[in-house]
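Working notes for the structure below.
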Number of protein chains: 2
Amino acid sequence: MTELPTTECTDHPAPAEEVLAEYLHARAGAFLRALPLAVGEAGSRTGSLPSGGGSQAVAGGTGELLRCVRRIGGALHTFAPVFEPVWAEETRTELRWLSGLLAQEPGYVRRSARLLAAVDSLSETDPGRAGMLAGHAGAPKARALMERQLTLARTRAHTTLLQELRSARLHALADRMTLLAGEVPMLPEAAGALRPQVATALGLLAEGAAALPPVRTPYGGEGLHRLGAVPVQSATRVDADLVLAADDAPWHRVRILVKRARYALEVCGASLAELDGIDRVLDRHQEAADAAVTVSSAARTPRITPATAYVLGVVHADQRLEVEAARYAFGHQWPTLQHHGWHAWASC
Amino acid sequence: MTELPTTECTDHPAPAEEVLAEYLHARAGAFLRALPLAVGEAGSRTGSLPSGGGSQAVAGGTGELLRCVRRIGGALHTFAPVFEPVWAEETRTELRWLSGLLAQEPGYVRRSARLLAAVDSLSETDPGRAGMLAGHAGAPKARALMERQLTLARTRAHTTLLQELRSARLHALADRMTLLAGEVPMLPEAAGALRPQVATALGLLAEGAAALPPVRTPYGGEGLHRLGAVPVQSATRVDADLVLAADDAPWHRVRILVKRARYALEVCGASLAELDGIDRVLDRHQEAADAAVTVSSAARTPRITPATAYVLGVVHADQRLEVEAARYAFGHQWPTLQHHGWHAWASC
């Protein structure tokens, strides 16, 4: 489903560069309003972000700031030929830095919620909803271990965020946003349509999706044994983390292309519900993959009991199954996007 | 696909009791021929059954003996009203005992092959086929532990088999089979058709399959967390083994009904390829469920390392995924049996 674009995408009279500039003015303004809120939030809490919520649910100011950062960065990337190149490149680098910084703490909060929910569900003892680790002695210990390690990681991320929010680097970026809120450094000769660049972003996404390995049949008779044909460098020592990272990498790349396509459409005032759905699926893919890495690291903690390690093995497999589930969901949703959403966009 | 029945099922002139008696004579004769071979085999090997092969692949004489035992027991059950009841009940008890005895050792061989293949596949390091435990330090240890424990169990089963094959109890059963090879103790008034009893066996199977919990969607968004609504006795302490056993029980019951239906059709000289396929799927279900129990017991071995326990956790989850895969395959194959195979049988 496509909201009717309100810009030149539907032969709106506003010229392309004006639409883009307005979009960036608005996002930069929002950035500047959200920044002090985010700084206040970070200062007032001590690593006690509320857990739960969707994968995009980040508290008030911090969440809004992150949303602005990602969208401005996306627009600078997708419509790159329009901008003064040195300024755009520098700004994108700084936005990537801030985006990584802001995303870390809520990422740990979500990962903690995901893994604790998984172990709780696996060890659930209620009749009728019991899990395959019901009553297992290792479950409470594994839970406590994961909670402790993720709380520690979250606290560290919070401390780093607090420091960096007061840094000269952040002030310089805020100055760039102040400039952007008033004037977008565009190339004088860069006037033109937005539509070709949006089409390029969608085309890159389609290429990335087409290059993904075929989605494995559910229960293809191989259980969790194989991870498909992962072309790992044969010269390097093959270990599990390397194998899983190689297996996940093309999906993570497509996730970035999905976000870029979403933000590019947003500049034109358009959106595709199917694309938003796929974005959520690939967020889930990324989060389950990251959670699996956390679990396998936790299992390498010295002096844990075998019972704890056993539960972590089950939780690891469970998260890898979530990764497979997300790919399977992608395999179902992608054709719908291509048939309906894409078509709606192309005809608007 | 149904082979054309060569008996009264297609209005063949032979009366039902004659068809049944001939079938039992032939199976009892085969029993008596296979018994000395099985005894010789058991005596000559010392727990070194070849591993691998299909779930029904059991070596020469022992395998043939087991096939006869199951078929005679199945016929005595399905066509019970025809037989002298005390004799039939006693014979069935003894056949069940021998069936359990004969199945144990090959069962451990298959379980060992299954679990070692699983851990090998999970820890495979070949580029392009690497597993999620590639290079994991715990994998060789977990492999050695499972192999050691299953070899021990197999050796014990072998010793028991050797003893019992020389027991008075077995000689008494052989005497019963000698009787059966010449004369089937039927009730004088029991003449009648076989078809209604075969229909009853198929009907019980259909009822059992209809009462199964709905097959869970693959990747239903719950990973391995939940095992569906298992009505575990709330009074008892809920533990994982109990939960899994309760979850598996209805499937194990349907597996027995499938085998009875297969053997009942066989008496009439008929077979349904779809039913054979479902039998194999439910064998796989049973074997994966049993293998998962073995893995979780192995993880309770004192003094194992956390790395070993971790790998066992992953292997346990992998086997439970195989259980789910078998249920999913059942959910696909059952409707085909009902639409095609069933119809072919009903019209024959």
| remark: Per the rule of 0.36 nm per residue minus the C-alpha distance, extending A:Arg148 to A:Arg195 adds in nm 12.0 nm
| Rounded to the nearest 500 deg cm²/dmol, what is the calculated helix-only ellipticity per residue at 222 nm for the protein assembly as shown, with -39500 (n - 2.57) per DSSP H run of length n ≥ 4? | -24000 deg cm²/dmol
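Could you line up B:Arg260, A:Arg169 from fewest to most neighbouring Cβ atoms inside 10 Å? Can you show the working numbers first?
Details: B:Arg260 22, A:Arg169 12.
The most exposed by this proxy come first: A:Arg169, B:Arg260.
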| message | If you take each beta carbon of peptide B:153-160 and count the beta carbons of other chains within 10 angstrom, what is the mean? | response | 0
| said: Only Cα pairs within less than 10 Å get springs; with that Gaussian network setup on chain B, which residue of B:His316, B:His77, B:His332 has the largest fluctuation? | reply: B:His332
| query | Using a cut-off of 22 Å between alpha-carbon atoms, which lysines can reach B:Lys259, once sequence neighbours fewer than 8 places away in the same chain are excluded? | reply | none
| task | For chain A, set up a Gaussian network in which alpha carbons nearer than 10 Å are linked by springs, and say which option among A:Leu32, A:Leu224, A:Leu321 fluctuates the most. | result | A:Leu224
| Quick one: label points 7 angstrom along Cα→Cβ at A:Leu152, distances to the other copies in nm, smallest first? | 3.6
| Given charges at beta-carbon only (K, R positive; D, E negative), |dipole| of region B:275-315 in Debye | 360 debye
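Which ordering of B:Glu94, B:Glu189, B:Glu147, B:Glu322 is given by a fewest-first count of other beta-carbon atoms within 10 Å? Spell out each step's value before the answer.
Working: B:Glu94 17, B:Glu189 7, B:Glu147 14, B:Glu322 25.
The order, fewest Cβ neighbours first, is B:Glu189, B:Glu147, B:Glu94, B:Glu322.
Please report, ordered by residue number, every helix of chain B (full DSSP H runs) that is 18 Å or longer along its axis going by C-alpha atoms and whose mean Kyte-Doolittle hydropathy reaches 0.0. Write out the running numbers ahead of the final one.
On the way: long enough: B:16-44 (42 Å, 0.47); B:60-78 (27 Å, 0.04); B:85-122 (52 Å, -0.16); B:138-165 (40 Å, -0.36); B:168-182 (22 Å, 0.50); B:195-210 (22 Å, 0.62); B:240-267 (41 Å, 0.16); B:273-298 (37 Å, -0.15); B:306-336 (46 Å, -0.12).
Correct list, ordered by number: B:16-44, B:60-78, B:168-182, B:195-210, B:240-267.
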| Ascending list, in nanometres, of distances separating the A:Pro15 label from those of the other copies (7 Å, Cα toward Cβ) | 10.5
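First measure r as the distance between the Cβ atoms of B:Glu18 and B:Thr159, then evaluate 1/(1 + (r/R0)^6) with R0 = 45 Å and state the FRET efficiency to the nearest 0.05. Each step should come with its number before you reach the end.
On the way: r = 43 Å, r/R0 = 0.95.
The pair B:Glu18/B:Thr159 has a calculated efficiency of 0.55.
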| request: Excluding residues fewer than 8 places away in the same chain, name every one of the aspartates and glutamates whose C-alpha is closer than 12 Å to that of A:Lys141. | output: A:Asp120
| message | Only Cα pairs within less than 10 Å get springs; with that Gaussian network setup on chain A, which residue of A:Tyr328, A:Tyr310, A:Tyr219 has the largest fluctuation? | response | A:Tyr219
| message | Suppose the Debye formula is applied to equal point scatterers at every Cα of chain A; what is log10 I(q)/I(0) at q = 0.06, 0.09, 0.11, 0.13 Å⁻¹? | response | -0.26, -0.58, -0.85, -1.13
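Order of B:Val314, A:Val293, A:Val19 from fewest to most other C-beta atoms within 10 Å?
Values: B:Val314 34, A:Val293 17, A:Val19 21.
Exposure proxy ranking, most exposed first: A:Val293, A:Val19, B:Val314.
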| What do you get for Rg/Rh of the protein assembly as shown when both radii come from the Cα atoms and Rh is the Kirkwood radius? | 1.10
| field | Within chain B: Cβ-based charge dipole about Cα centre, in debye rounded to nearest 20 (Lys, Arg +1; Asp, Glu -1) | value | 1300 debye
| Distances in nm from B:Thr93 to the matching label points in the other copies, shortest first (labels 7 Å along Cα to Cβ) | 8.7
| What per residue convex hull volume, in Å³, comes out for region B:283-348 when only alpha-carbon positions are used? | 57 Å³
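No lab work stands behind these numbers, since they all come straight from the coordinates. Just so it is clear, the structure is predicted and the values come from calculations on it, not from any experiment. Counting neighbours? That spans all protein chains shown, and the Cβs are built from the backbone with ideal geometry, glycine included.
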